[in-house]
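Below: the structure, in structure tokens.
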Amino acid sequence: MKAFRLDELEAERAANEGAYLQFLRERNMSVGLYALDAGDLDPQKPHRQDEVYFVVSGRASITVGMETTQVGRGSVVYVPAGVPHKFHHITEDLRVLVVFSPPES
């Protein structure tokens with residue numbers, strides 16, 4: 001079993017001074033913590049993997065392809081591989097668990 005604590009992952013991510021921390025990588029998936037602070041711009045480009053976002057905290061909008069929705073704590077968003085997507089209008093610091101399948105390369 002592998003178990004993680006969100007506060008420890010956030011501290012490790014912050015210590016590495018990056019917006020993204022991959023903390024689990026297996027044969028069929030990888031999982032990471034993505035952080036954007038209020039007012040930040042999301043620099044993402046489309047990925048070659050399917051993604052699922054689970055919003056742990058914060059508030060923002062996300063556009064996936066041509067669709068936009070607001071997200072907050074507890075929101076889950078699926079992003080198909082190759083589809084442009086970005087978080088925007090981030091009004092509260094955003095912390096998101098990201099699951100890639102297959103694993104992010």
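The values are calculated or read from the model by the stated rules, or taken from the named source; none is laboratory data. This is a predicted model, so every value here is computed, not measured. For neighbour counting, all protein chains shown are included, and Cβ atoms are generated from backbone atoms with ideal geometry for every residue, glycine included. Just the protein is used for accessible areas: all its heavy atoms, side chains included, with ligands, DNA and RNA removed. Shrake-Rupley method; radii C 1.70, N 1.55, O 1.52, S 1.80 Å.
What the table below lists for this structure:
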{"item": "Residue-normalised accessible area of the chain, given per residue in Å² at a 1.4 Å probe", "result": "61"}
{"item": "Rounded percent of accessible protein surface that carbon and sulfur make up, region 45-86, 1.4 Å probe", "result": "55"}
{"item": "Separation of the residue 73 and residue 29 label points, Cα + 7 Å toward Cβ, nm", "result": "2.3"}
{"item": "Selection from 29, 74, 84 lying farthest towards where the dipole of the chain points positive, charges on Cβ", "result": "29"}
{"item": "Simple spin-label estimate for residue 54 and residue 93 in nanometres, 7 Å along Cα-Cβ", "result": "2.1"}
